[in-house]
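Written below as structure tokens is the structure these notes are about.
The values are calculated or read from the model by the stated rules, or taken from the named source; none is laboratory data. Computed from a predicted model, the values in this text were never measured in an experiment. Please note: Cβ atoms are built from the backbone with ideal geometry, for glycine as well, and neighbour counts cover all protein chains shown. Surface accessibility is based on the protein's heavy atoms, side chains included, excluding ligands, DNA and RNA. Shrake-Rupley method; radii C 1.70, N 1.55, O 1.52, S 1.80 Å.
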Amino acid sequence: KTAHRNLPYNRNQLKLVLEHLQKHHPELYLCSIMMYGCFLRPHMEIRLLKRSSFDESFSKIILGGKDNKSRRMRTVHMPNYVREELLRCKVDSLNEGVNIFSKVVTPYNECYFNTAWSRIKDELLKQGIISKDHTLYSFRHTAAVNMYTKTKDPYKIQQAFGHSSLNVTLTYLRNLGMVSNASIDDLPEL
């Protein structure tokens, strides 16, 4: 059974919501495709990104320990659609310490993306693009569902999402209805 909060998008919903965000709120669109394609969290990891967070080729994001939830260094690969959007937004021309959203050193406040989402959500609901159970985090949950469906490998999801343990990943997937209630302790021993 799929959890009701942060409901993942189906393929058509994902396409429609991203098209709407791209047209009506480009910063929220960039945040959303980074949540989906790079598995990042919006409030800490994405909101705090600076020009210096990217490698020279814009193929990876490098997060320091203070820049992500796990408090460990983390390198995240970027799909081409994220890279192309970052280059279209001219993030590569910013100075090293400049935030990619605010375009100054100081990032937007912690509630920026939640507020932006709440302002656009009613329109998405009226158009039938999303349901009331879709949230900003639905992009990240959709990515987990799609990656698990593609790989069937919870370890890859643990690594990609920066989870502290495989048990956290299994709980995450279980809450999305992707794996049974078996836990890491249930695995066979030799």
Checked pairs for the stretch 125-143, first open to solvent by 10 Å² or more (accessible area, probe 1.4 Å), second among the aliphatic types (A, V, I, L, M) and not in a helix (DSSP H, G or I), C-beta under 7 Å and 6 or more apart or across chains, list as Ser131/Leu7; Asp133/Leu7; His141/Leu176
Of the residues in the stretch 42-57 that are open to solvent by less than 20 Å² (accessible area, probe 1.4 Å) and touching a residue at least 60 places away in the same chain (Cβ under 8 Å), the one that is nearest to the chain's Cα centre (by Cα) is Pro42
| query | Would you call Leu63 over 21 Å from Ala116 (Cα atoms) and open to solvent by less than 20 Å² (accessible area, probe 1.4 Å)? | reply | yes
Expected single match for more than 19 Å from Ala160 (Cβ to Cβ) and in contact with a strand residue (DSSP E or B) (Cβ under 7 Å, 6 or more places away or on another chain) among Asn99, Asn95 is Asn99
Point to revise | Hey, Phe39 modelled with pLDDT under 95, on the phi > 0 side of the Ramachandran plot and either in contact with a Phe, Trp or Tyr (Cβ under 8 Å, 6 or more places away or on another chain) or buried (at least 18 other Cβ atoms within 10 Å of the Cβ) (or both) or not | key: yes
Does Val17 satisfy the criteria of being open to solvent by less than 20 Å² (accessible area, probe 1.4 Å), of a type in the set (A, V, I, L, M, F, W, C) and more than 21 Å from Gly162 (Cβ to Cβ)?
yes
The correct count of residues that are surrounded by 12 or more Cβ atoms within 10 Å (Cβ to Cβ) and within 15 Å of Pro26 (Cα to Cα) in the stretch 82-102 is 11
From the option list Ile33, Ile46, single residue qualifying as among the β-branched types (Val, Ile, Thr) and touching a Cys at 6+ places or on another chain (Cβ under 8 Å) is Ile46
Check your understanding: Based on what the data block shows, is Val76 crowded, with 19+ Cβ neighbours inside 10 Å and more than 27 Å from Thr171 (Cβ to Cβ)?
Key -> no
Within the stretch 108-119, residues under 18 Å from the mean Cα position of the chain (by Cα) and part of a helix (DSSP H, G or I) come out as Tyr112, Phe113, Asn114, Thr115, Ala116, Trp117, Ser118
